[in-house]
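This report concerns only the one structure given below.
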Ligand SMILES: Cc1ncc(C[n+]2csc(CCOP(=O)(O)OP(=O)(O)O)c2C)c(N)n1
């Protein structure tokens, strides 16, 4: 086993438990912003971020918790933000879909679908112009690839050979609409990117260790050679598009399809791999869970104890 596999598993489990706790407490109505949970999709952000340095940058969209946490975003500030408190990472004005932690390289989360793709390209352009040795990773969903700005961003990144990694988390759905209802059957974003001069590949998105290994060289190449790259990961969100519930009763995804993907749950896969190879014991996993629970409870207490922003905060950071 690589020595950091336990840490990678810990980080994946931590994100899962944090989001389960958000789901658990959501009905208390203290978190008044919508939440788009990444439960089931944690392997991609953790696998990739395990290859990133602190000064590498990321941008993300509405489903942002896992990206923020995997990149090292501050948990207390995230939970406070979900509670609208002034100690939140966006001073309580943004909520779940506007997470930011500049110290950790989480540059922006914006829920206008596709909108952070050009922002990420701009960040990577800045990196290149300033001759810095880092990269920007842009996380987006399959729905975002239908926005025109996706193509424009690929083109610009290719033209200027920017250090940017485009990461599509293809969970096949945009809200309730399956890709087959939205896109031509022949559409393939890797081929589209190839046509614009950007290399890329598809990778299965649920095995965090595999993702970590398969993206290591890619990340290093993008950083060292300043070359854009695109990866599309097949994945599955366990819960509803927006909110803390399971919405299987709506029947927009077939039972067979759901069960197939639940078997590929990133936590189950990672845990099984570590246990079967005697890399971890059940009691170590229990200890991980205890440690994470303490951290989570503290973050919710931090949010509870924090104050709401003053009204004058409303007038700050606006143009008119
Ligand atoms: C420009 C724009 N159009 C529509 C929406 C409403 N909307 C919010 S999330 C979403 C689905 C996006 O799907 P995808 O990009 O695949 O991400 P996923 O939710 O699957 O993670 C839509 C249509 C929006 N926020 N912005």
### Query
Quick check: anything in segment 19-40 without any contact (Cβ under 8 Å) to a residue 60 or more places away in the chain and within 16 Å of the ligand (Cβ to nearest atom)?
yes
### Message
Looking only at helices (runs of 4 or more DSSP H) that lie completely in segment 243-320, which have at least 2 residues being farther than 23 Å from residue 44 by Cα?
### Response
255-262, 282-305
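Residue 269: modelled with pLDDT of 95 or more, at negative phi and over 18 Å from the mean Cα position of the chain (by Cα), yes or no?
Values: modelled with pLDDT of 95 or more: yes; at negative phi: yes; over 18 Å from the mean Cα position of the chain (by Cα): yes.
Yes; evaluated as a whole, the condition is true for this residue.
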### Query
Given (1) under 22 Å from the mean Cα position of the chain (by Cα); (2) closer than 19 Å to residue 153 by Cα, where does residue 191 come up short, assuming only one miss?
(1)
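Only one of 215, 145 is closer than 26 Å to residue 263 by Cβ and crowded, with 19+ Cβ neighbours inside 10 Å; which? Full working, then the answer.
Numbers: 145 fails: closer than 26 Å to residue 263 by Cβ.
One residue alone meets the criteria, 215.
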#### Entry: Qualifying helices (runs of 4 or more DSSP H) (wholly inside segment 18-90; at least 1 residues being buried (at least 24 other Cβ atoms within 10 Å of the Cβ) and over 16 Å from the mean Cα position of the chain (by Cα))
75-82
### Query
Which of the residues that make up segment 217-239 are within 15 Å of the ligand (Cβ to nearest atom), assigned to a loop (DSSP other than H, G, I, E, B) and touching a helix residue (DSSP H, G or I) at 6+ places or on another chain (Cβ under 8 Å)?
235, 236, 238, 239
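The values are calculated or read from the model by the stated rules, or taken from the named source; none is laboratory data. Fair warning: this is a prediction, and the values are worked out from it, not measured in the lab. Positions of Cβ are generated from backbone atoms using ideal geometry, with glycine treated the same way; all protein chains shown enter the neighbour counts.
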